[in-house]
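Following: one structure in structure tokens, then a few remarks.
The values are calculated or read from the model by the stated rules, or taken from the named source; none is laboratory data. Keep in mind the model is a prediction, meaning the values are calculated, not measured. Here Cβ is always computed from backbone atoms with ideal geometry, including for glycine, and neighbour counts include all displayed protein chains. Ligands, DNA and RNA are excluded from the accessible area calculation, which covers all protein heavy atoms including side chains. Shrake-Rupley method; radii C 1.70, N 1.55, O 1.52, S 1.80 Å.
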Amino acid sequence: MNLPAVKSLTWMGFVTAVLLTAISLYAVEDIPAFGDENSAVNKYIKLFSIDADAGLAESLNAGIVPEEIKTGIYDLGFIKGPTCEGCQNENYPTLEEGSYEVEYIEKGTWLGGRIYTKAGWDVLIEEGEIFYNEPQQYYFISDDSGELSVYRYNWPVRVTERTEEETFIINAVTSGLADYRGYDTMGEETVILTGAIGVILLMRRRGRL
Amino acid sequence: MLLVEHFPVIIVGLSMFLAYTMLLAGYINRRLPFFMSLAMNFFFLFLSIFVLNHVLTEGPIRYWQGGWRPPWGIEYVVDAMNAYLLIIVISIVILGLIYSKRNVEFEIEERKHVTFYTLIQLMAAGLYGITVTGDLFNMFIWLEIASLTAYALIAVAGGRALRPAYNYVIMGSIGACLYIFGVCWLYSATGTLNFADMRLLLPLVYDNKAVQMGFAMIVVGVMIKAYIFPLHLWQPDVYTYAPSTVSSMMASVHVKVMFYILLRLFYSVFTLDFIRHYIGLDLVICWVAAAAILAGSIWAIKQRNLRRMLAYSSVSQMGYILLGVGLSPLSPWGLVGAVAHILNHAVGKGCLFMCAGAIRQQEGLRDIRDFEGLGKKMPHVCAAFTIAAFSMIGIPFTAGFASKVFLIIASLDASQYPFVAVLLISGLLNLVYFWRVIDRMYFARHRGADDPAEAASDAPATVQEAAPSGPSNSAKSGRPLPLSMIAPILALASLCIILGVIWLTDIPSPLINHILSNLRMEATI
Amino acid sequence: MMEWIVQHFLEKYNFWIAMFIIIIGLTATIVKKNFLKKLIGLSIFQTAFFLWVVSLGDVGRDILTSWGLKTQTPPILWMQAAEKGYIYANPLPHVLMLTGIVVSAATTAVALAIVIRIYQKYGTIEEDEIIEKEMEFERRGVL
Amino acid sequence: MTPERRENKRDVIIEVTTNLMFPLILLFGLYVMIGTGGTGGGFQGGTILAAGFILYITVFGHEKGREKMPESINALFKSLGLFLYNGAGWICILFSMATAQWLNMPAFWPVSDFVGVPVSRSFLVGYMISVGIGLTVMASFVSQYFDLAWKEEDEMGGGGE
């Protein structure tokens, strides 16, 4: 950086502070509130909502996800199989009959260390990963008055419920660090090694390397 | 699972395994790490060709790390774009390694070779990792590995390289922090970190202000790393004073991979619908790119240090790629131009920086004004330099011509005529600053009379003026260059011509169509 | 008005505290001319950011709800948690930020090494003085 | 920067306390490193181990510190930790004949079919990977401390480029 740039650094700092404040004021509206246990980060993200006919709730109680909800989910792209030409999307489970269970949950139930602040149906997917075949929570259909909202569960729900069965570690942070996101952790250790080697390269005067 | 689906993770994981082994092997023999790295990178090139073949015939590879289904675990996604970039990165790393053997012996004291090559291998591992990953946070880890190694590798040159290296540490860390800051804002809105998952969830929250700010922060963070024009301040000093090997690798592949992050996020996470959702965003990107192209070229004309001139030229060339990305919502040819220029610039700029290092090693020259008669002393290097410079300028039947044609077609297709003018003017400016060097190299005899006049205008008014000149006569070996340094230079120069022909034929169109369909352009060429 | 303040500031005070520290850190990183102070600013910036992300995983907003007492507990799974009405904090931000902390530590180490090299070379770590010395070295042709 | 260098005075209290604390800190570090059943983990444990070594080096100086942690051992630990982690991934691929992914841990233990999954997975995550992380973190931090703590009078003379 050249000298005039250095002199204008004070102004750059001031502008940065003002800009960051403005950004915060602008975007704070959509930041999840502190301690919100139903936010997208902590529990689930809302996919869509449809009007609640009497038939939908009945079919859900009978253990079948109705067609309207299925098509809504598939329209968003959560479907196993070809979604675009030439690419297979194996990430998402199918909702064909027999591959899931539906379970009604009352308001205020605790399950897997999570609390249900809404009543609704949990859609448990039977089909699991290669080595695990336990049913897993995937979608949640809430039973609001007048409309059904479909939610997709996120990481923490599934992990706090399943970590003990799947990884045999009761510490969910460690299991997340070393198992679910184990690849990140290996990269992280490599970063530490990189830092150490970098310091050796720059600073070491004696010794073999 | 097919064996070929393991190849991306073998490339990344084994290159890290290799780096740890190299550190220990250095205790046995200091020359061993280099050869280990070279051999294994050839093996990776072999694997990556299979990966590209598989991707083109069978479709993208999705690899679940640890067997966890992607929203819960980390996923590797390799489609045509990744596989294409992976081959480029691995090939240029191999050529850079071959070049570095004698160059590093000249520039860096011997006892540091082990750690130097270990860091080069780790940087390569980070670049491969960025290329194949399908997870936002995983990408941050690889980004940091690639950046940290770059910081240390730049600073090892000592002397004048230290202050630029420190500036790069600060700017690069701010960039990486902004990237991860933006990722966490997206995470706060969607609760996921997987590319494919986030692509599906983002349309539900397009109007979420956290998503908008996350997008802005990621773009600014990656722009710092990829030195797009207003945020390029750290770059010229770094490229001028870093070791030759490092600056050639950084200019050719490091920045391409950094830019690839932006590309991947544009097309696979936010998708073009997001860009179209905010009317005029694509044109803002285009105008930033146009400013980068012109400003980089004009600054390059002002420079007298060869490597600093090439550095500013890189700023301008990154603008070309960004222009292609900015035009792509309006015309698929924009993306074709960007994809083509990623390869062409990697080849051409790698060659130019290697030539600059070679000139510095044999003759000890850095200042363009001292280049008289270089064409006779170093014929191979000067010929390669001329070819690569022609490619940068865009002379027909060189690589750069093809990407410029694609970009001009894109501007015409999108009815954005100002950018045609920008591209033509930039070609002219490129011609000015590269012709100056070529002129000195080959035809300088009758220019001797100009020197007093130029010397009179030398008096440095500001640091900006004074800094470029540097020491005109530094340490030099004086011996003719070894074959191991000339061969990669000539290989890259010949690639410039071969690619220039290939891009104009039908051969790459299956690849391009695959890239377009994998990046969801819904168009073919 | 009161509602607006509650909605934007009081409910999200974690964000504002973190943002305040982030602004301090980032401004220091840009404005300070001492290389070590720049590094300290960068560390403040990163740490404040980690603070915010970890606070995203907090789930203890409503202490008292209609169905009884609800308290947050760290995500170390124990049998009686559900019976006693505890809910687990979100482990993912902790996982991510543990990684982030390590990365920032490694960056700091490399940056410190470069600062020490600069000090060995120029005898100072003030950017202005270093630029002056560079110009002086250049005039003398030392570098 | 100080004009006159003070003599290295030995302080009995500090030295004896450090001698007493050093093994205890290491023991605690090992406990945290392997104690993944509680709040432990590789990184935390490794940091505590590194803190113990750094305390020792600070009190007794570089030479005695080098005796406790020679450079070759340090480099070995640095790589060994990552070999453990990275190698676990490769072994998972190899043992399952490339049917399982990288670090898909049930594939690690060929006998897991007979004795059940718990053996392999808890062994891997709790011991192999945590210990790997811990070793790398400890060795890297100690090495960084050794290298960053430089003496001015040593370096100013021969340190020029």
**chain C: translational diffusion in µm²/s, Stokes-Einstein, Kirkwood Rh over Cα pairs, 4 °C, 1.567 mPa s** = 68
**Asked** HN-Hα J couplings of segment B:498-508 from phi, Karplus 6.51/-1.76/1.60, θ = phi - 60°, integer Hz, Gly and Pro as x?
**Response** 4, 5, x, 7, 4, 4, 8, 9, 8, 4, x
**Message:** How long are the semi-axes of the equivalent ellipsoid of segment B:306-452, defined as square roots of 5 times the Cα gyration tensor eigenvalues? Whole Å, largest first.
**Reply:** 32, 15, 11
**Message:** Ordering B:Y27, B:Y239 by accessible area with a probe of 1.4 Å, largest first, what comes out?
**Reply:** B:Y27, B:Y239
**Prompt:** Any idea which of B:V78, B:F116, B:G96 is furthest toward the positive side of the dipole for segment B:50-208, if Lys and Arg beta-carbons carry +1 and Asp and Glu beta-carbons -1?
**Reply:** B:F116
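Select from segment B:85-128 those GluC sites (Glu not before Pro) which occupy a DSSP coil region and have at most 13 other Cβ atoms within 10 Å, ordered by residue number. Each step should come with its number before you reach the end.
Values: sites: B:E105, B:E107, B:E109, B:E110; in loops: B:E109.
Of the GluC sites (Glu not before Pro), the ones in loops of segment B:85-128 whose Cβ has at most 13 other Cβ atoms within 10 Å are B:E109.
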**Spatially proximal lysines relative to A:K107 (Cα-Cα < 29 Å; intrachain offsets below 8 disregarded)** = A:K43, A:K46, A:K70, A:K118, C:K12, C:K70, C:K84
**Item:** Area accessible to solvent at D:L76, 1.4 Å probe radius, in Å²
**Value:** 80
**Asked** Helix B:80-107: angle to the longest alpha-carbon principal axis of chain B, degrees 0 to 90, nearest 10?
**Response** 30
**Prompt:** When the dipole is taken about the Cα centre of segment B:376-446, and only Lys, Arg (+1) and Asp, Glu (-1) are charged at their Cβ, what size is it in debye, to the nearest 20?
**Reply:** 480
**Item:** Top positive-direction residue, dipole computed over chain A with Cβ charges, set A:I45, A:W121, A:V18
**Value:** A:V18
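Can you sort D:V131, B:V253 by 1.4 Å-probe accessible area, starting with the largest?
Values: D:V131 35, B:V253 0 Å².
Reading off the accessible areas and sorting them downward yields D:V131, B:V253.
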**Complete:** From most to least accessible, 1.4 Å probe, no ligand or DNA/RNA atoms counted, A:L148, B:L45 line up as B:L45, A:L148
**Spherically averaged projected area of segment B:79-218 from its Cα convex hull (nm²)** = 9.5
**Fill in**
Diffing segment B:426-440: the Karplus 3J(HN,Hα) column from phi (6.51, -1.76, 1.60, θ = phi - 60°), in whole Hz with x for Gly and Pro, holds 5, x, 5, 5, 4, 4, 4, 7, 7, 5, 4, 5, 4, 4, 4
**Asked** So how strong a dipole does the protein assembly as shown carry about its Cα centre when Lys and Arg Cβ are +1 and Asp and Glu Cβ are -1, to the nearest 20 debye?
**Response** 4540
**Asked** Ignoring ligands and nucleic acids, what accessible area does A:F14 show with a 1.4 Å probe (Å², nearest 10)?
**Response** 120
**Request:** Would you mind getting me the FRET efficiency between B:I497 and B:A39? Use the beta-carbon distance for r and R0 = 22 Å, nearest 0.05.
**Result:** 0.15
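If N is the number of residues in segment B:317-365, what value comes out of its Cα radius of gyration divided by 2.2 N^0.38 Å?
On the way: Rg = 15.2 Å, N = 49, 2.2 N^0.38 = 9.7 Å.
Relative to the 2.2 N^0.38 Å estimate, segment B:317-365 comes out at 1.58.
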**Request:** Any chance you could give the angle, 0 to 90 degrees and rounded to 10, that helix B:32-58 forms with the longest Cα principal axis of chain B?
**Result:** 50
**Item:** Positive-pole candidate from B:W333, B:G182, B:P236, dipole of the protein assembly as shown, charges at beta carbon
**Value:** B:P236
**Message:** With angles folded into 0 to 90 degrees, how steeply does helix A:67-76 sit against the dominant principal axis of chain A? Use alpha carbons for both and round to 10.
**Reply:** 20
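Taking only Cα atoms of segment D:12-149, what ratio of Rg to Rh do you get with Rh as the Kirkwood inverse-distance radius? Each step should come with its number before you reach the end.
On the way: Rg = 17.7 Å, Rh = 16.2 Å.
Over the Cα atoms of segment D:12-149, Rg/Rh equals 1.10.
Considering all projection directions equally, how large on average is the shadow of the alpha-carbon convex hull of chain B, in square nanometres? Could the numbers behind the result be given before it?
Working: hull surface 92.3 nm².
For chain B, the mean projected area of the Cα convex hull comes to 23.1 nm².
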**Message:** As an exercise, take the mean of 1/r over every pair of distinct alpha carbons in the protein assembly as shown, invert it, and state the Kirkwood radius in angstroms.
**Reply:** 29.9
**In sequence order, calculated HN-Hα J values of segment C:27-43 (Karplus, 6.51, -1.76, 1.60; Hz; x Gly/Pro)** = 5, 4, 4, 7, 7, 5, 9, 7, 4, 5, 5, 4, 5, 4, x, 4, 5
